[in-house]
Amino acid sequence: VSINKLNKKEPELIIYGLNKFCNFVGWRWKNGKIHVKSNVGSYLGANMQGGSILVEGSAENFVGSELENGEILIKSNVQDFVGAPQPGKKVGMTGGTIIIKGTAKDFLGLNMKKGLIYVENDVGDFSCNNMIAGTVIIKKDIGKNFGVGMKRGTVLTNDNSFSKNFFKENGFSASIFYELLNKYIIEKYGIRMFKEKKLIMRYLGDKNIGGMGEIFLKLENLSK
């Protein structure tokens with residue numbers, strides 16, 4: 001581990017040689033930066049309250065679990081329960097941003113209450129289940145049982161395989177929301193998501209519980 005001083009109040013920890021068995025890196029992290037030059041284990045940035053974490057490799061389960069604030073950027077893949085509650089708890093992340101450049105597996109955004117999750121590639125099953133609020137962006141494929149129990153929140157995806165038994169079509173939506181979100185993501189993280197000045201189909205659900213969660217979908221509007 002090497003430590004740099006970004007300024008008088010913010011340290012930067014550069015960590016080498018971890019692996020998937022090294023858990024709880026960035027637990028309750030509040031201030032400064034953590035830069036992991038390898039893979040890392042579970043509970044990365046769990047209960048994080050501020051600052052930023054960059055992982056050059058992959059991470060395991062419960063990335064950003066109960067995240068309150070701050071930013072987590074992972075350049076490869078993650079496993080289950082991104083932004084979800086910890087075992088025995090009921091509320092997932094309540095703020096902050098998680099950027100995943102690879103794939104994510106099951107239960108991404110479970111019980112998510114606030115914040116932003118972006119996944120560059122595929123996600124597994126049960127994503128966005130029981131979502132309370134917040135924003136999730138998935139550029140490629142979603143798995144089974146997507147958005148079940150969703151109460152509110154916003155999901156942007158280019159995969160129309162989610163169940164129409166859970167979500168009802170609500171017409172086209174103006175593009176201003178996407179333009180503003182796209183501008184923010186480009187300026188903040190250098191990621192381009194959407195083609196601008198387009199209309200996108202809006203779905204509402206989970207209609208089985210009277211949910212008002214939003215899924216925005218139109219394949220040709222998502223950049224490749």
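Each residue in the range 1-21 was checked for being among the polar types (S, T, N, Q) and either at pLDDT below 85 or outside any strand (DSSP E or B) (or both), and 2 pass. For the range 23-42, enumerate the residues that are over 14 Å from Asn77 (Cα atoms) and out of contact with any strand residue (DSSP E or B) (no Cβ under 9 Å at 6 or more places or on another chain). Scanning the range 23-42 gives Asn23, Phe24, Trp27, Arg28, Lys30.
Exactly one residue out of Gly147, Gly143, Gly153 is in contact with a Phe, Trp or Tyr (Cβ under 8 Å, 6 or more places away or on another chain) and under 11 Å from Gly211 (Cβ atoms), and it is Gly147. When the range 22-75 is filtered for residues that are in contact with a helix residue (DSSP H, G or I) (Cβ under 9 Å, 6 or more places away or on another chain) and either modelled with pLDDT under 95 or surrounded by 24 or more Cβ atoms within 10 Å (Cβ to Cβ) (or both), nothing remains. Residues considered: Ile191, Ile132. Of these, the only one that is under 25 Å from Asp80 (Cα atoms), touching a helix residue (DSSP H, G or I) at 6+ places or on another chain (Cβ under 8 Å) and in contact (Cβ under 8 Å) with a residue 40 or more places away in the chain is Ile191.
Scoring Phe172 on the criteria (1) more than 17 Å from the chain's Cα centre (by Cα); (2) among the aromatic types (Phe, Trp, Tyr); (3) open to solvent by less than 10 Å² (accessible area, probe 1.4 Å) leaves a single failure, condition (3). Against the numbered list (1) over 19 Å from the mean Cα position of the chain (by Cα); (2) modelled with pLDDT of 85 or more, Phe216 comes up short only at (1).
Among the residues of the range 107-119, the one identified as in contact (Cβ under 8 Å) with a residue 24 or more places away in the chain and open to solvent by 50 Å² or more (accessible area, probe 1.4 Å) is Phe107.
When you scan the range 199-206, do you find a residue that is outside any strand (DSSP E or B) and modelled with pLDDT under 85, even just one? Yes.
The values are calculated or read from the model by the stated rules, or taken from the named source; none is laboratory data. Quantities reported herein were computed from a predicted structural model and do not represent experimental measurements. Glycine also receives a Cβ, built like all others from the backbone with ideal geometry; neighbour counts cover every protein chain displayed. Keep in mind that these areas ignore ligands, DNA and RNA; they rest on the heavy atoms of the full protein, side chains included. Shrake-Rupley method; radii C 1.70, N 1.55, O 1.52, S 1.80 Å.
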